[in-house]
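So the structure is just underneath, and the comments pick up after that.
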Amino acid sequence: MGEQADISSAKDAANDPLVLAFGRLQGAANRLEYILGRALEEECGISHLMFEVLLILGRAGEPGLSMRAIAQEQVLTTGGATRLVDRMEAAGLVERAEDPGDRRGRLVRLTESGEQTAVRASRLHVENIRRYFLAPLPAEDHERFAEDLRILSHSARDVLPRLP
């Protein structure tokens, strides 16, 4: 893996085993994102990104998270996170509350409706993950595959710059 790729044409580039493997990863992720995201929209009325924020807030618990923390978790700008949270607040899924550690700050936390939506959406999501993500793979590979994805995700996260 450490050697330089022997690529001297576009055809070589397109057929390089590492380029192909990464392309397959991206293709699978994009297709699964579409399939699973569409199910969340149709069944629960939320986008996949909203679902991810519900999970982040559920994981964080009380008193909630700052907009910056949400943006950092989702690799969004703070402006993008604010617009997303605005839509989620309008839908009754989250609320902004005073930050007990900073009188000027505001935290985002789940509402009761957001909690219920997170539970309902998660049940659907787990069912679809089993169906579209795990079922095509040999059962004996599931745990190793999940661990490999965790390693890749954390490695990529650690390379990204932290928001100021």
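The values are calculated or read from the model by the stated rules, or taken from the named source; none is laboratory data. None of these values were measured; they are calculated from a predicted model. All Cβ positions, glycine included, derive from the backbone under ideal geometry; neighbour counts span all protein chains shown. Areas reflect the complete protein model, heavy atoms only, side chains present, ligands, DNA and RNA absent. Shrake-Rupley method; radii C 1.70, N 1.55, O 1.52, S 1.80 Å.
If you roll a 1.4 Å probe over the stretch 55-164 with all protein chains in place, what percent of the accessible area is carbon or sulfur?
Carbon with sulfur: 53 percent of the solvent-accessible area.
Would you please report the Å³ per residue occupied by the convex hull of the alpha carbon atoms in the stretch 40-82?
70
Using only Cα atoms, find the angle between the long axis of helix 78-90 and the longest principal axis of the chain, and express it within 0 to 90 degrees, rounded to the nearest 10.
The angle comes out at about 60 degrees.
Given points 7 Å out from each Cα along the Cα-Cβ axis, report the I35 to S113 separation in nanometres with one decimal.
3.2
Specify the angular offset, from 0 to 90 degrees and rounded to the nearest 10, of the alpha carbon long axis of helix 48-60 from the longest principal axis of the alpha carbons in the chain.
With both axes taken from Cα atoms, the answer is about 60 degrees.
Give the long-range amide H neighbours of T111: residues separated by 5 or more places, or on another chain, with amide H under 5 Å away, using H modelled in the peptide plane at 1.01 Å from N.
For T111, the qualifying residues are V94, E95.
May I ask for the angle, rounded to the nearest 10°, between helix 142-159 and the longest principal axis of the chain, with both axes built from Cα atoms and the value confined to 0 to 90°?
With rounding to tens, the tilt is 70 degrees.
How long are the semi-axes of the equivalent ellipsoid of the stretch 39-164, taking √(5λ) for every eigenvalue λ of the Cα gyration tensor, in whole Å from largest down?
Equivalent ellipsoid semi-axes, largest first: 28, 20, 12 Å.
Ranked from the most accessible area to the least, with a 1.4 Å probe and all protein chains present, what is the order of H125, H154, H142?
Descending accessible area places them as H154, H142, H125.
Taking 7 Å along the Cα-to-C-beta vector as the label spot, tell me the D86-Q26 distance in nanometres, rounded to one decimal.
With each label placed 7 Å out from Cα toward Cβ, I get 3.1 nm.
Per residue, what volume in Å³ does the convex hull of the Cα atoms of the stretch 1-53 enclose?
Expressed per residue, the convex hull around the Cα atoms of the stretch 1-53 is 99 Å³.
Probe 1.4 Å, all protein chains in place: accessible area of R83 in Å², nearest 10?
For R83, solvent-accessible area is about 140 Å².
What size of dipole, in debye to the nearest 20, comes out for the chain about its Cα centre when the only charges are +1 on Lys and Arg C-beta atoms and -1 on Asp and Glu C-beta atoms?
Dipole magnitude for the chain comes out near 420 debye.
For the stretch 1-154, with every protein chain kept in place, what is the accessible area per residue (1.4 Å probe, Å²)?
For the stretch 1-154, the per-residue accessible area is 68 Å².
Determine the distance separating the Cα centre of the stretch 71-100 from the Cα centre of the stretch 1-51; give it in Å without decimals.
27
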